[in-house]
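The structure appears right after this line, and notes come after that.
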Amino acid sequence: MVKKWKIALLLTTVVAMLSGCFGEKPVLDELGKDGKGTIKVVYYDEDNFYRQYGNYFNVKYPDIEFEIVSMQEMYRDLQDKENVDYEEERLKFLEKHKPDVLMVDLSIMEKLAKEGKLYNLDSIITQEKFDLEGYMPGLVDMIREHGGGSLYGLAPYFYTSAIYYNAELFREHNIEPPRNKMTWQEVLDLSSRFASVGSGENQVYGYYQRYGGGPQDLFLDVAHGSSMRFFDAKGEKLVFNTDGWKQLVRLTTDAIRNKGVYTQPREEGNARTFSSDDDLFFKGRAAMIMGDSWFISQIKNRIMWDKEAKPIDWEMVSVPVDPASPDESSYASLHEVYAIAADSPNKRAAWEFVKFVNGPEMAKAASRSMEGNLPTRNQFMKEIDGKSTEAFYSLRPKAKYDSIWGGPDVEVPSEFYRDFRTLLDKELKAVIDNKKTVDEAAAAIQAEGEAALQKGREADKARKEAEQKAKGESGKAAEDNETEGSGSAEAGASEGE
């Protein structure tokens, strides 16, 4: 018995030694000795791809070639169509071209992962000890949440906004400047302190809603930072006539009526119009404004072409937070998640590209030339033009953020968005002008919004039925042509005999 035990122990030791010598079997086969390969990649367009990634990658892998599938092809095909569901069209586009590397947003990544169409990166990341610790806190969790706990993609950049403010205006009027992690209530309360500064064309506003969408634009921005939703859990009914929504209506309409906030009027047929000729922030007549990271370059360059623009002593703080989760941001998003197709025959080359794009070298290079993109690796971009980037990186992205319009399973008719924005604008104006109470406006939005939702769903149903009918007729015509062609061929054969 002792002898058998010793033999078993010896065999176990030998197996362990052999495993150590030869190592684990690689998750993905290595590139060939010549390092060659071809990758089909989806990107906005070919020129921008090589400028952003391709040229850098080919320095390290000169023999790996790219076939770029340009998104411009899809946009050209859709430019004359109405009521386009861009997510659905993008999925069709990806299915048509079958790329090795997909550039997707989180919602599309989640859908494709559920369908088994994406390669799970966890094993290769573990085997190669790819650094995930260098990403900003919460970002990897955000991607995992949309992958059911697994990583099906990685993102080199993220997008968020900040509250920019005119520090000189706050000093001049002895008002305490904004700080990181304020709530919307605090931001709008702060803006109201400027209500008595100036009048008429010289009125100074505490907060400036830059886009011309009327009061509904401010309302939606504030709602975006909350945990409220317009629909019930199943996405079947509009839920607006509630205490929570009434509170937001009161908050935003009071701020506008009291001249703490200025919102540009809504132009017919366009819910969000930017008027560069009437930007109060650059004229020194607005103390705060919310903008994305690209706004920094606008601050720098505006004075070069706008004669009315004034040099601004600007600072920035984080976007407003939900009091229920003060360390998280609802405004952080990922539009460029790089994933690998599950059926790709070039997974190793595709992984080398995804790994390179998301590696520290690319993040370091991006931090040296601020073009608006914010690297998801936060150890490199500490300052922009001498200003701390804490405003962008101090909040964790919410791991699972569902839009105020609902989650991925809520189907909202495209027409509804336009109709509902118009309805919001009308009712909010009525409250601002003291023509309706908050309760009356909320009840009207509930009733008319529900009617608009049903109308949109009926229109969607009719459109889908028409498309199915047209598809069926097209298929039948093709079948008839094939039958006719087959008959002609048989007739020809008979004559030949």
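General remarks:
- Taking the inverse of the mean reciprocal distance over all distinct Cα pairs, the Kirkwood hydrodynamic radius of segment 75-125 comes to 12.5 Å.
- S329 long-range amide H proximity, modeled H, under 5 Å: R396, K398
- Per residue, the solvent-accessible area of segment 413-472 (1.4 Å probe, heavy atoms of protein chains only, all protein chains present) comes to 57 Å².
- Filter on K36/K114; K259/K429; K429/K461; K426/K455 - keep pairs with C-alpha separation over 25 Å: K36/K114; K429/K461
- Put a dot 7 Å past the Cα of H335, heading toward its Cβ, do the same for E87, and the two dots end up 1.7 nm apart.
- Taking Cβ atoms as reference points and 12 Å as the exclusive limit, the residues near D189 contribute a net charge of -2, counting Lys and Arg as +1 and Asp and Glu as -1.
- Using a probe of 1.4 Å, the accessible surface attributed to E87 totals some 80 Å² when neighbouring protein chains are kept in position.
- Heavy atoms of the protein chains alone define the surface here; on that basis segment 291-371 has 45 Å² accessible area per residue at 1.4 Å probe size.
- Segment 360-421: radius of gyration over Cα atoms, expressed as a fraction of 2.2 N^0.38 Å: 1.66
- Under 15 Å, Cβ to Cβ, from H97 - net charge with Lys/Arg +1 and Asp/Glu -1: -2
- Rolling a 1.4 Å probe over the protein heavy atoms of segment 188-229, with every protein chain left in place, gives an accessible area that is 43 percent carbon and sulfur.
- Within segment 345-393, the proportion of C-alpha pairs whose separation exceeds 13 Å stands at 59%.
- The Kirkwood hydrodynamic radius of segment 201-360, based on inverse pair distances between different Cα atoms, is 19.2 Å.
- Relative contact order of segment 61-211, taken over Cα pairs closer than 8 Å and 6 or more residues apart, is 13 percent.
- Carbon plus sulfur fraction of accessible area for segment 350-414, probe 1.4 Å, in percent: 43 percent
- Stokes-Einstein D for segment 141-247, Kirkwood Rh over Cα pairs, 20 °C, 1.002 mPa s (µm²/s): 122 µm²/s
- Placing F66, F380 in order of accessible area, with the largest value first and a 1.4 Å probe, yields F380, F66.
- Cross-link pairs K129/K398; K234/K355; K92/K347; K355/K400 - those with Cα-Cα distance over 32 Å: K234/K355
- Rounded percent of accessible protein surface that carbon and sulfur make up, segment 87-180, 1.4 Å probe: 46 percent
- Rounded accessible area per residue of segment 112-208, 1.4 Å, Å²: 43 Å²
- Virtual spin-label span in nm between T242 and N48, 7 Å along Cα→Cβ: 3.7 nm
- Kirkwood Rh and Cα Rg combined as Rg/Rh, segment 175-219: 0.99
- Straight-line cross-link partners of K283 among the aspartates and glutamates, defined as a Cα under 18 Å from its Cα and at least 8 positions apart when in the same chain: E168, E172, E201, D306, E308, D313, E315.
- Heavy atoms of S325: accessible area, 1.4 Å probe, square angstrom to 10: 20 Å²
- Taking all C-alpha pairs of segment 301-402, those more than 16 Å from each other amount to 71 percent.
- With K and R counted +1 and D and E -1, the other residues having a Cβ less than 13 Å from that of D439 yield a net charge of 0.
The values are calculated or read from the model by the stated rules, or taken from the named source; none is laboratory data. Just so you know, these numbers come straight off a predicted model, no measurement behind them. Cβ: placed from backbone, ideal geometry, glycine included. Neighbour counts: every protein chain shown. Accessible surface is based on the protein model in full, side chains and every heavy atom, while ligands, DNA and RNA are left aside. Shrake-Rupley method; radii C 1.70, N 1.55, O 1.52, S 1.80 Å.
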